[in-house]
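Note sheet for the following structure.
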Amino acid sequence: APAPDKAKLPGYVAWKDADALIVHSNQTIETRRSAFGTGLITDESALYIRNNVNPPPESIVADRDGWRVEIGGVARPGTLTVADLKRLGLTTVATVLQCSGNGRKYFQDRLAPGQKISGTPWTVGAAGCVLWTGVPLKAVVAAMGGPAAGAKFITGTGGEEIPPGLKPKDVMVERSVPLAALDTVILAWALNGRPISLAHGGPLRMIVPGYSGVNNVKYVKSVNLTEAETDAKIQAASYRMHGVGEKAAPSQPPVWEQPVRSWITAPLEGDRAGRVVVAGVAFGGVNAVAGVEVSTDGGATWRKAELVGPDLGRFAWRQFALPADLGPGTHVLASRATDSAGNVQPEEVPANGGGYSHNGWRGPAVTLTLA
Ligand code: MSS
């Protein structure tokens, strides 16, 4: 297939694989479904991009070990460099990094007349499964005397410059997650074993395993254990579950843990009829995947697929596979995952105003004609 988007890759991601990507805008770049292939880990060159604000200059990754992060809301607050963090602990965790709006297109496609959900029409590609290496936040907090009394949230702040004339709270990428996540949050300096690119949040990123993309703050410059959620706009007035046409407000649930989801990655349009292996990926947010069913008749009947490949832990995705005989003609392939808590993907999900956390199985089903 041609690579119509090659010329359109913005400069800061010019090193990426243009053939693997769909450029929606400079700040929203989706992985093609075909680019997931049959691999387990998403290569950084094919990993989707979402920036809410322009990234900081490339110069911030020139001296990675010198990057400073302020730690507050602990008994002994202070500022540590990445070099300091590297002396406090080490872990690697596989997580599904997924934009809260992944699958938004499936909401947008079936809105009632007069309804509108704005935002990037992502299909399945605002997601990837990657390995993060860094220090457990818990070890950092322990080294600083433990959480201060009253701490209820972990609040991470991104290192973007606030453009002159704008109110910091309106622009800053500052996200709060419940303190319970302290058991699993890491401050990561490597992605798939290499220093994290600027585009994906280097030199240092706060990773909240199982939580949707926005909570994984790039170029993190401060981490505070706070009594309340931040009142930054990106937390208080965005990324919340509100009705279509309603405004986001702090009373609505924030977009935090990802719901169980799956999608098919093979076969795709252009493949041949006959014996095929229907394959894809499934994940359960903070829960492990318990099972996946596959339908080759648009959801009329379902068969249990096999979970294949290594299990990289409950925050990673699992690959599934089901051999099937598909004759020439049009087929509708769907997948439906169940997580360890018994949550099953519904056929459709009611729309929400931000188009977040889509996990219906009908939208991402694959219609293909095999010859
Ligand atoms: N961080 C920062 N600092 N900034 C920005 O903008 N964004 C978000 C996250 N983080 C940001 C941050 C989002 S929103 C998302 S998805 C993610 O990130 C993405 O990632 P990548 O790496 O892929 O680009 Mo939605 O929910």
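Enumerate the whole-percent occupancy of each 10 Å bin, from 0 to the last occupied one, for all C-alpha pair distances of the range 271-334. P(r) over the range 271-334, rounded to whole percents: 22, 47, 25, 7.
Can you tell me, using C-alpha contacts under 8 Å and at least 6 residues apart, the relative contact order of the range 216-336 as a whole percent? Rounded, it is 22 percent for the range 216-336.
So how far, in whole Å, is the C-alpha centre of the range 330-371 from the one of the range 159-207? Centre-to-centre (Cα) distance: 30 Å.
Evaluated with a Cβ-only charge set (Lys, Arg +1; Asp, Glu -1), the chain carries a dipole of roughly 200 debye about its Cα centre, given to the nearest 20.
Listed by chain and number, the lysines placed with their C-alpha closer than 29 angstrom to that of Lys167 are Lys116, Lys152, Lys218, Lys221, Lys233, Lys247; residues fewer than eight positions away on the same chain are left out. As a fraction of the 1.4 Å probe accessible area of the range 111-249, surface on carbon and sulfur atoms comes out at 57 percent. Hey, quick one: spin label on Arg194, modelled 7 Å out along Cα-Cβ, who in the range 28-67 has an amide N within reach, i.e. under 13 Å? What the label zone holds, given the 13 Å backbone N cut-off, is 43-47. Stretching Thr38 away from Arg303 to a fully extended chain increases their span by 93.4 nm, per 0.36 nm per residue minus the current alpha-carbon distance.
Mean separation of Cα pairs under 8 Å and 6 or more residues apart, divided by the residue count, gives the range 325-371 a relative contact order of 55 percent. Spin-label model, Glu161/Arg87: points 7 Å from Cα along the beta carbon direction are separated by 3.2 nm. For the range 1-129, the Cβ-based charge dipole about the Cα centre amounts to some 400 debye (Lys, Arg positive; Asp, Glu negative; other atoms uncharged).
Assigning unit charges at the beta carbon (Lys, Arg +1; Asp, Glu -1) and nothing else, what dipole magnitude in debye, to the nearest 20, does the range 147-211 show about its Cα centre?
Roughly 60 debye, rounded to the nearest 20.
Projecting the Cα atoms of Gly245, Val332, Gly274 onto the charge dipole of the range 242-351 (Cβ charges, centred on the Cα centre) puts Gly274 farthest toward the positive pole.
Entry note, the chain: relative contact order of 17 percent, from Cα contacts under 8 Å with a spacing of 6+ residues. For the range 118-208, which chymotrypsin sites (Phe, Trp or Tyr not before Pro) are both in a DSSP coil and crowded by at most 13 other Cβ atoms within 10 Å? Here no chymotrypsin sites (Phe, Trp or Tyr not before Pro) fit, given the DSSP loop and packing criteria.
The values are calculated or read from the model by the stated rules, or taken from the named source; none is laboratory data. Keep in mind it's a predicted model, so treat the numbers as computed, not measured. Virtual Cβ from ideal backbone geometry, glycine too; neighbours counted across all protein chains shown. Remember, those area values only see protein heavy atoms, side chains included, never the ligands or the DNA or RNA. Shrake-Rupley method; radii C 1.70, N 1.55, O 1.52, S 1.80 Å.
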